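Worksheet: the structure to be examined is printed underneath.
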Amino acid sequence: MFRTGASLWILFLTPLVGGLLLLPGCSSDSAPRSTLSVESINDNSSLSSDVYSLGADQTLGTADDNVPEEQVPIVVRNMPHDSSLRIRPNGPFSTVTLDRYEVHYSGDVSLPTFVGSIHLIVPSGTTADANLVVLPGSYKIVPPLSALVAGGEIHLDADVIVFGTEQDSGAKITTHATLNIEVANWADK
C-alpha cells in the first residue's frame, strides 16, 4: 500500500508529539523546589546523656551541681529537588527558613514529645548548622529518668523532625534524623 506525504507526516509526528507530552514539565509555583536533608546530627555519633552532674568541684550537694540539658549540633543541606539543575550557592533558587523542631522518643521508656524553636536560614545549594536541645533537663528530674540517679541505663531513639518554609513557593518542608541516646548517671570527670 502506497502512503501519501501527509499520512507519512502523521505517522512521524504522532509518536513525537506523544513522547513530548510524557516529558516532565515545570512544577507549579506552589510546589517545593527544595529538598532538605540532615547531613549530620551530633556529628553522626550517639549521645551519652548524664542525668546528674556534680559540677566543677565534684562534690555532691554543692551549689554547682546541676541537671544537664543535652544540646547537639545539626547540619542541614538544601538542594534543588531536580538534581539536573546546577544551582550556585545563594543563587536564584529557593531559600528555606527553619523555624521549629520536634523530638519524638522511642526505646526503653515513653517520654513526651519535646518541641523547640529554631531560626535557621538555608540557601539553596548550601548547608547551615545550629544546636538543638534533644533532651531537656526538665525530663531528667521526673520519673522515669530521675530514677537513674541510683543507677541503671535507659536507651532512647530520638527522632528529630525539623520544620520550615520555602521562601519562593511558601511550601512547608520537613526533614528528620534519628539520634541514639544512652541516659545514665555517668561518672563525673
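Summary table
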{"item": "Extension reserve of the Gln58-Ser37 stretch, reckoned as 0.36 nm per residue once the Cα distance is removed", "result": "3.5 nm"}
{"item": "Estimated FRET transfer efficiency (Ala147, Asp168; beta-carbon r; R0 45 Å; 0.05)", "result": "0.35"}
{"item": "Inter-probe distance in nm under a simple model that places probes 7 Å from Cα toward Cβ, at Ser117 and Gln71", "result": "1.5 nm"}
{"item": "Taking the stretch 107-176 and dividing mean pair separation by its residue count, relative contact order in percent (alpha carbons under 8 Å, at least six apart)", "result": "28 percent"}
{"item": "Stretch gain in nm, segment Asp157-Asn180, where the contour uses 0.36 nm per residue and the Cα spacing is subtracted", "result": "7.8 nm"}
{"item": "Label-point gap, in nm, between Asp129 and Ser106 - each point 7 angstrom along Cα→Cβ", "result": "2.9 nm"}
{"item": "Label-point separation in nm, Ser48 to Ala187, each point 7 Å along Cα→Cβ", "result": "1.0 nm"}
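Just so you know, all these numbers are worked out from the coordinates, no wet-lab data involved. On a predicted model such as this, the values are computed, not experimentally measured, just so you know. Virtual Cβ from ideal backbone geometry, glycine too; neighbours counted across all protein chains shown.
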